[in-house]
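Structure first, then comments.
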Amino acid sequence: MRLLLTGALFLLTSLTHAAPSTDSYCIVDFNHDGEKGTYKGQCLNNAPHGSGSVTLHTGDVIEGKFINGEIDGEATFKSSSGNIYKGMWVKGKRHGEGTYKWAQGSSYTGEWFDDKRHGKGTFTWSNGNRFEGEFRNGKKYNGKYFTHTGRVYKCRLGQCR
């Protein structure tokens with residue numbers, strides 16, 4: 001019986017040591033789109049993994065989920081100039097549903113692909129004009145353009161008439 005307990009304890013101990021090292025909290029250097037900063041939060045093997053935040057040298061802040069050292073999942077970006085993005089990220093880029101609000105009052109809510117407005121969404125300018133429809137590669141493509149005076153234009157292939 002003693003031999004069996006010793007063997008089980010040895011097996012349990014070796015399995016625990018074979019698992020990757022999970023640090024509950026770390027502070028490490030971080031690079032986002034060429035901008036350097038400091039990450040504080042949950043880590044796996046001394047790399048951002050879990051919930052945390054990055055403060056870039058520009059004063060911009062990113063808070064949210066990180067996987068294998070990259071922003072991945074739901075996160076919020078706040079620029080030092082007052083712009084805010086809240087939404088999904090994949091491998092460090094805006095990707096999926098999200099909202100970007102510029103400090104000057106314009107906003108975009110909709111789909112993102114590879115860090116660009118792409119898919120269905122609504123862009124609203126600070127003067128109240130808005131475009132609703134499809135975006136491709138960051139630009140309005142097919143949909144409707146509504147002016148603050150009540151006029152409506154149909155847009156096709158990036159041209160509104």
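The values are calculated or read from the model by the stated rules, or taken from the named source; none is laboratory data. All values derive from a computational prediction rather than experimental measurement. Reconstructed Cβ throughout: ideal geometry from the backbone, glycine too, with neighbour counts over all protein chains shown.
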Restricting segment 77-103 to residues that are of a type in the set (D, E, K, R) and within 8 Å of the chain's Cα centre (by Cα), the residue that is surrounded by the most Cβ atoms within 10 Å (Cβ to Cβ): ARG94
For segment 23-46, give me the residue count where each residue is surrounded by 13 or more Cβ atoms within 10 Å (Cβ to Cβ) and of a type in the set (Ser, Thr, Tyr). 2
When every residue in segment 130-144 that is within 17 Å of GLY96 (Cβ to Cβ) and part of a strand (DSSP E or B) is compared, the one farthest from the chain's Cα centre (by Cα) is GLU134
Pairs please, first residue from segment 17-33 and farther than 25 Å from ARG94 by Cα and acidic (Asp, Glu), second anywhere and at pLDDT 50 or above and part of a loop (DSSP other than H, G, I, E, B), Cβ atoms under 7 Å, 6+ apart in sequence or on different chains. ASP23/ASN46
Kindly indicate whether any position in segment 149-158 is touching a residue at least 60 places away in the same chain (Cβ under 8 Å) and at positive phi. no
I'd like the residue in segment 47-76 that is among the β-branched types (Val, Ile, Thr) and surrounded by fewer than 18 Cβ atoms within 10 Å (Cβ to Cβ) and, out of all such residues, is farthest from the chain's Cα centre (by Cα). THR58
